Structures are given as structure tokens and as C-alpha cells.
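Input: a single structure, listed below in C-alpha cells.
The values are calculated or read from the model by the stated rules, or taken from the named source; none is laboratory data. Just so we're clear, the structure is a prediction, and the values are computed from it rather than from any experiment. As a convention, Cβ positions derive from the backbone with ideal geometry for all residues, glycine included, and neighbour counts pool all protein chains shown. The protein model used for the area step is the full one, side chains on, heavy atoms only, and it has no ligands, DNA or RNA in it. Shrake-Rupley method; radii C 1.70, N 1.55, O 1.52, S 1.80 Å.
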Number of protein chains: 2
Amino acid sequence: MDTTPQEKTKIGLVGLGTVGSGVARILLDHGDRTARQAGRVLWLERASVRDLKKARDCNLPAGVLTDQIDAIVSDPSIDVVAELMGGVELAREVILSLLKAGKDVVTANKALIAAHGPELFDAAREAGRTIAFEAAVAGGVPIIANLTQCLSGNQVESLTGILNGTCNFILSKMHAEHVPYSEVIAEAQRLGYAEADPAMDVDGTDTAQKLAILAHLAFGARPDWRAIPRVGIDTLDLADVRMAQELGYTIKLLGVAELTEKGLQLSVGPTFVKNGSPMADVAGPMNAVRVTADAVGELFLQGPGAGQMPTASAVVADLIDTAVGRTKLTFQTLKLWSNESERTPVADQADAVARFYLRIDAADEPGVLAQIASALAAEGISIASFQQQASDAATVPLVLMTHDTTEGAAARACTAIGKLAPVAAAPVRLRVVG
Amino acid sequence: MDTTPQEKTKIGLVGLGTVGSGVARILLDHGDRTARQAGRVLWLERASVRDLKKARDCNLPAGVLTDQIDAIVSDPSIDVVAELMGGVELAREVILSLLKAGKDVVTANKALIAAHGPELFDAAREAGRTIAFEAAVAGGVPIIANLTQCLSGNQVESLTGILNGTCNFILSKMHAEHVPYSEVIAEAQRLGYAEADPAMDVDGTDTAQKLAILAHLAFGARPDWRAIPRVGIDTLDLADVRMAQELGYTIKLLGVAELTEKGLQLSVGPTFVKNGSPMADVAGPMNAVRVTADAVGELFLQGPGAGQMPTASAVVADLIDTAVGRTKLTFQTLKLWSNESERTPVADQADAVARFYLRIDAADEPGVLAQIASALAAEGISIASFQQQASDAATVPLVLMTHDTTEGAAARACTAIGKLAPVAAAPVRLRVVG
């Protein structure tokens, strides 16, 4: 093609696992496409791996593969490097070396950014380089660009996300097939939708890390992801899935950030989402983000949250943005994770206003409901709906939906209810939205 | 705030109607926000209107308002101008003057871009300036940035959009309340969801113009919007809305672009969308775009397609991108509507493969179905489902869903069916997706 640009941006890849191989395939197989979008050739110069002998999902030209990360760090011809090795400590060291060596960095590593964002972004500023990280949150859904660029005329007011595809896959199965968590997780592992050790996905850690990143971009807050109250899906009972369906809801693992007068409320947990809303319909390993903002109103984005090519799509978009120079302008303007960039305090989640679903297993005897109602009234919580199902068991499930109250009041009421003599265990408490 | 940047980008607004007033309000009321996002102050210097005495939806500082467009064109201190006057011919002349005077331009004017894109973009290139147009398609949904930037590592394979909020509002009402088009359009006009002369919205013109723009961005095609086969909602019969609901579908006015081996298939028309898909659930004056692409898979975006503040959100994002310098990089790289940029031919829509809903009003007499079935068979069209409802009228509605066929074959079969003696009128033919 005679319009192929002559200028080249040389790319290095650190890590050639699932995502790295996907990025390599786009660069190698679709050079005309990336050249057209970047106005210059994106040239895959080197790719470093731990084990040269491992079979890979892409065919690299001779001389590209190396097991020496330093072959990339110390090659002055390489302009941009995508860190796709995963993990935290080694990745951090590699990125710091890359920045020091004058390279712009692209990463898909949300755990790293959630843990070391300030240090890494300061190092990039000091070196006059950039870090792009579209792939770190929601995979193929370009939520980073949409927040930092497309919504720049807005004050974001709330952000709600299904940010973990593994959890959404598992929850979809639990709703569709009424099998308990323990069975679905085993199947998800067999199908490759869950890792051998899925703890970080299913306990809400992954969602909290992504929510912390989005909270910085959307609100200028600087939450520590570890301080975000989080509940995973690993403790979710099938009984509550069934109840949700009966009541017209779907349970989703949501990360929620809401701007209030007291600051930014942040939480992660299985949530009752009213059926008929786009968020309730997000099925399988998809991710979705709903943003409400003062000018645009409500924006909803949905797409694949993980997987080889969707994540590679986001990484290559970052490589192109970096090669074109957009990343540099955005990076210099927004001053992310700098000392100047905290403008919204994180509020005490106990003050967060929400509605709740409560399931209480209690002995079927006179006066139980009166005791529970008193415990709720003592915290000023009013009941929106109540149902008790007939049961032959020694205990019966009482299901309550509350009107708006605070997280703190709901937690205190549940503690009190859990101590009542006829109550078998602490109530199940899930937030309700929509 | 001591971090307020010192540099200023001076903004001019041509037109201060609904959208212009919204843009002015963001610039005037939220200067800290735009300064933070742009790294410089966005300063509203002048705004031109036709009638200085008209009441407006924003409070301008003294000296900003003028009835002389030339006061903006000839002011060398103004860097970027948003053209928000609407219309085609005068807007074209104004933008050409602005570019010549060395100003970057932002516009929300899809009719103008659909009609004069090549001339305007060539003029901008010649003057070394830029044109940004996020607000021209899908209002607050940032589909332009998502296509040109976020999906740059992808080959887009198809794009399906609800691109006209007025039509979606009307269709939602027809489905929910079973009132005919003629009644809903009157209500939509009263509520301000439809213009006094809604022809361009309801006959599919607006959707075709937007689809032509998106087809250029997503596929590098250069369709003439007038050549896109289009059907509006103004001829839609309530009987077909009822049938869609019975069959598990929702009728949406879709613009569809599909990349095939024969080139790009483009069409606009009321379409049966299978319930349970995100597109079927898009209600009221919302817009939505579904993009399928080789790397990301499927991406779905939904948001307000029109209205003062959503459209202003997109205009201000463009103003910020232009002030930061991102627009310039993107503009220079993509070479939109230049001689180099056509890379996908537009295919003959008669070859487009699709499934169809057919409703045929026919006399209730022996042999009718045989004649219809023969007409379909003559075009190689096979029937997926068929139903005939009991009726006391002289004619009965026969409803057919076809398997995949081509637009051309379906059109020929319908012409033949319309000529059959027992058939009252040409069949209603609507595409089916999902």
C-alpha cells in the first residue's frame, strides 16, 4: 500500500501469555490497520518471556523473542513497552526500569496500579514519560478513555460497575440453573472462566481494586482499595438467588461509587438489581459500567471484561494513543495520582444511604416478628415489604426489604437481630438498587 | 484555587439556542472543572446570536453576546469556535470562514457533515486547523471517540444503532400504550420530543445521515447518505407493533452497517429486535450503538441521544480535546474525508442477507397460502414460521417470518405477492435481528 507511513514506533512486550500473545497477533497480522490508526508503523521489536521453550499462541519473527527483560529495557530503539507479565512486585520494578530508560509504558495490571499508582505515575512524570492502562479495568470496555476524555465536561455523580467477568459468569449460572456457588466455581475453572486460585476474583478484591482506580479517574478520590468495604460472591447462598428472582431482581457483584455531601461512598458486594434495567441483563462473563453525570445524565457501557482479544484490543488502543501522542497530552494534563489530584474525600461507608434485602432464619414461634421489627425500629429502619414462607423445617426464612436507611444502621440492626433467641444466625444482608 | 492554570483558550459560540446555552452554562458555571480537564482555562469570549433580544437559558457576562458572527470570525484572540446554529448552507459558510481565519471548529451539525464532510475537512487540512464533531451523532453517547480511538486496534465488522431519540420515544409509546403513530407524534410534539416539522426524524433521514458518518469512521467507507435504503417510522402500522410483541420482539428504528465480502451493507428502517437483547430494551428518547469488532467482540453503548445538556456534554468534551491538542493529533492521523481515506466500497443493499417479517392482508379463501408460498419459493425464500389469525373481516392477516434471504429476493417476492388477486395490498416487510 503506497500510503504506508514511513515512521516507525518500536514496541516491546514484557510477558507473552494470553494477553501478550493477543497483542502480538494484532501487531503482526494487522500492521496496515495499526499504521493507519497511528499514522506510523507500530513495529514489534522484542517480546520477553520467562521460558523460551513454552508453546505460544502467536508466531513471532526470528529475533523477537528473548528471555531477558533487560534486552528490552536497554534497547534505546524501543519507544513503548507493554507490561503484560502480571503480578505486582516484579512488574513494579520492571516498569520503573522502563520509565527510567525513557520508555512510555502501557499496562493491563490493575493490581499494580491499585497498589503503586502514586509511585509509578510520579516516576513517569519525573522521567517525562507516560503510563496508559485502559486494559486494567473492564477489559475490552474502554471505560478509562470514556471517563478521562469523553465525559470531561461532566461532574460524575455515581458509577456502578460489573467489573469482574468471572463473578458475573458464576452468578449468571446460579440464576439460570439454580446450582450452588461451590458447583459453579468448579465448572468455571474447568471452562477457563475462573483461575485455579479464584480467591481474588470471587472475594471482591479484584472489583475493589478496579473500583479504586475508577474512583480516582471519575472523582479525583484516592481510596485505598483495601479500605473499601467488600463482600464477595463466595459466601452467597442459592436461597438468596431464588428469593431475588421471586422478587423481580437479579443479584450482581457491583462496585459502587457515589458522590454525596459527606464525600465519596464506595462499596463492593452482591447486590439486588431490579430486573428490566440494563445492568440486570448483563449476562455471562461480560462487564458493564453505568455512569451518571450532571451533563450527560446516564451513560451505560457493556462489553467483554476479560479474555485474550478484548484485553488486547484495549492494550493496542493504548499503544496507538501513545504512538500518536494523545497519551502524553492526557497524562500531562490530568496529573493522575499526583499530590495535586485528590479533590474528593472518601466518606465513611457507614453513612451510605441504601435499601437492603434481609433474610433471617428464625424459629417459627410467636413473637419473633415483633422482636425483629423492634430491632429495626430501634435503628429507625422502616420496612418496605415482608414475607414469610411456610416451611416444615425448624426455622423459617423471613425476608424483608427495607426503605432507605444507612449501612451503619442496617449493620447494627442485623447484629441485634442475630442475637435474638429465636434467630439461628446473623441475617443475610444485601444492598438493593434500581 | 491555587492550582488554576494560567493559560487560556478563548472560545467562541456561534448559535445560542438549546445546545449553545447548555455549552455556555458549563463553560461559565464550571470553569474549575474544564480548566482541570484541559490544563488551561476555557474562556467563553463571544457568543453570536441572530436576535439579541431573545430570552436565553444562560446568563452571559457583559460584552459576550453579539449579533455579528464576524465579531467571532475576525477576533484573532479566539482559538476555538463551536458552531451550534444548525442548518446547512449558512453553517457551511461560517465554518469555512472560521477555518480560514485560523480557528479550530467544533460542531454538532450532522446534516452539515453528512452533506459537506469532504469539503469542510479538506478546508481544515488546508488551513492547518481541526474539526471535531462528537455531538453530531448520538448526542451524549461518545460513539465518535469510541470508534476513532478506543477501538483503533479492531476491524469493525458491524455497527447497529438507535440513532434518533424522537423515533425511539415514539416507538416506545406505541409499544407500551398501543396508540397509533399519528397520535403519538402529536404528543411527542407537545412534550418537545419531536420538532414542529418532524419529517427528517421520522422518515429516517436523520438516522441515515448519522449512519453515513459512522460508516466512514468505522469502515473507511464514503456512502452518500441519500443512497442508503431507508424506511421511516411514519408509515409503521400499529398492527405490526402488536404482532412484534406477540412474537417476542420490539420494533426499533435501526441504522445498520455490516461489512461483507461484497462491501459495506447499509440500511435504515424499523426492525424486529428480539426481546432480551440490550438493544430491545433501549426505551424512551435514548440512543444506543452496538459495535462488533474482531478483537473486542461486542461493545454496547447507551445514553441520551439528544437534549440540551447531553449534547453540550459532547461539545464541551470536543472543546477540551481541542484545547489539550488531542483533536489535532487525531485529525492529522485519521485524514477523515480525504482522498486517501476510502477503503471499503458500499455494496448493493439488494445483496444484503437478512431475515424478514412479512404481513400480508389477503382474502380468506382457498389457495391463498399456496400462491404466497409459491411466490416465496420462486425467490428461494424459506419460511421459518407462519401464522394466520381468525378474523371476521373480509381480509385476514397472514404473518410470516423468513429464514435468511437477501433484500433483493425479499423485495421481489413481496412485489409478486402484492400482485396476487386475493391480496389486498403490498405486504409489510420488516427486517428481523437477534
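Note on B:37-43: average number of Cβ atoms from other chains within 10 Å of each residue's Cβ is 3. Ranking B:THR18, A:THR311 by solvent-accessible area of protein heavy atoms (1.4 Å probe, all protein chains present), from largest to smallest, gives B:THR18, A:THR311. Taking a ≥ b ≥ c as the square roots of the eigenvalues of the Cα gyration tensor, the protein assembly as shown is rounded, since a/c falls below 1.5. Of B:LEU60, B:LEU171, the residue with the largest accessible area leads and the full order is B:LEU60, B:LEU171 (1.4 Å probe). Roughly how tilted is helix A:181-191, in degrees to the nearest 10 and between 0 and 90, from the longest Cα axis of chain A? In chain A, helix A:181-191 runs at an angle near 20 degrees to the longest axis.
DSSP assigns beta bridges within chain A; of those with both partners inside it, close to 70 percent run antiparallel.
Against the main long axis of the alpha-carbon atoms of chain A, helix A:407-418 sits at an angle near 50°. Please work out whether the stretch B:1-151 counts as rounded, prolate or oblate from its C-alpha gyration tensor, where a ≥ b ≥ c are the square roots of the eigenvalues and a/c under 1.5 means rounded, while otherwise a/b larger than b/c means prolate and anything else oblate? Rounded. Highest GNM mean-square fluctuation, chain B, Cα pairs closer than 10 Å: which of B:GLY269, B:GLY12, B:GLY102? Fluctuation is largest for B:GLY102. In a DSSP loop and with at most 13 other Cβ atoms within 10 Å, the GluC sites (Glu not before Pro) in the stretch A:186-293 are A:GLU195, A:GLU261.
Per-residue 3J(HN,Hα) values for the stretch A:377-388, derived from phi via the Karplus relation 6.51 cos²θ - 1.76 cosθ + 1.60 with θ = phi - 60°, read 4, 4, 9, x, 9, 9, 9, 8, 7, 8, 8, 10 Hz in sequence order (x marks Gly and Pro). Applied to the stretch A:267-272, the Karplus parametrisation 6.51 cos²θ - 1.76 cosθ + 1.60 on θ = phi - 60° returns per-residue 3J(HN,Hα) values of 7, 10, x, x, 9, 6 Hz, with x for Gly and Pro. The lysines whose alpha-carbon is closer than 27 Å to the alpha-carbon of A:LYS262, local same-chain residues fewer than 8 away aside, are A:LYS210, A:LYS252, A:LYS274, A:LYS335. Pairing chain B with chain A buries about 4100 Å² of accessible area. This figure sums both sides and uses a 1.4 Å probe.
Count Lys and Arg as plus one, Asp and Glu as minus one, and take only other residues whose Cβ is under 12 Å from that of A:GLN389; the net charge is then -2. Computed 3J(HN,Hα) for the stretch B:395-400, one whole-Hz value per residue from the Karplus formula 6.51 cos²θ - 1.76 cosθ + 1.60 where θ = phi - 60°, is 10, 10, x, 9, 10, 10, glycine and proline marked x.
For the pair the stretch A:295-336 and the stretch B:317-357, the centres of their Cα atoms are 19 angstrom apart. Structural descriptor for the stretch A:152-302: relative contact order 36 percent, calculated from alpha carbon pairs under 8 angstrom and at least 6 residues apart. With Cα atoms defining each centre, the stretch A:36-97 and the stretch A:193-215 are spaced 26 Å apart in the structure. Counting Cβ atoms of other protein chains within 10 Å of each residue's Cβ and taking the mean over peptide B:85-93 gives 0.
A Förster radius of 30 Å combined with the Cβ-Cβ distance from B:SER338 to B:ARG226 puts the calculated FRET efficiency at roughly 0.90. Ligands, DNA and RNA aside, A:MET401 has an accessible area near 20 Å² when probed at 1.4 Å.
Atom-type composition of the exposed protein surface of the stretch B:275-434 places 52 percent of the accessible area on carbon and sulfur (1.4 angstrom probe). Among the lysines of the stretch A:8-139, pairs that are 8 or more positions apart or on different chains and have alpha carbons within less than 27 Å of each other number 9. Accessible area per residue (1.4 Å probe, heavy atoms of protein chains only) ranks A:ARG242, A:ARG355, A:ARG50 as A:ARG50, A:ARG242, A:ARG355, with the largest value leading.
The label point for B:SER391 and the one for B:ASP404, both projected 7 Å from the Cα toward the Cβ, are 3.2 nm apart.
Taking packing as the residue-averaged number of other Cβ atoms within 10 angstrom, the listed peptides B:204-211, B:290-297, A:391-398, A:231-238 run from highest to lowest as B:204-211, B:290-297, A:231-238, A:391-398. Give the distance, in whole Å, between the Cα centre of the stretch A:374-434 and the Cα centre of the stretch B:264-281. Spelled out, the Cα-based centre of one part sits 43 Å from the other.
Once the Cα atoms are used to define both axes, helix B:89-100 deviates from the longest principal axis of chain B by about 40 degrees. Would the stretch A:79-190 count as rounded, prolate or oblate if I go by the C-alpha gyration tensor, calling it rounded below 1.5 in a/c and otherwise prolate when a/b exceeds b/c, oblate otherwise? Since a/c reaches 1.5 but b/c is at least a/b, the shape of the stretch A:79-190 is classed as oblate.
For peptide B:281-287, the mean count of partner chain Cβ atoms within 10 Å of a residue's Cβ comes to 2. Normalising the average separation of contacting C-alpha pairs (under 8 angstrom, six or more residues apart) by the number of residues puts the relative contact order of chain A at 16 percent.
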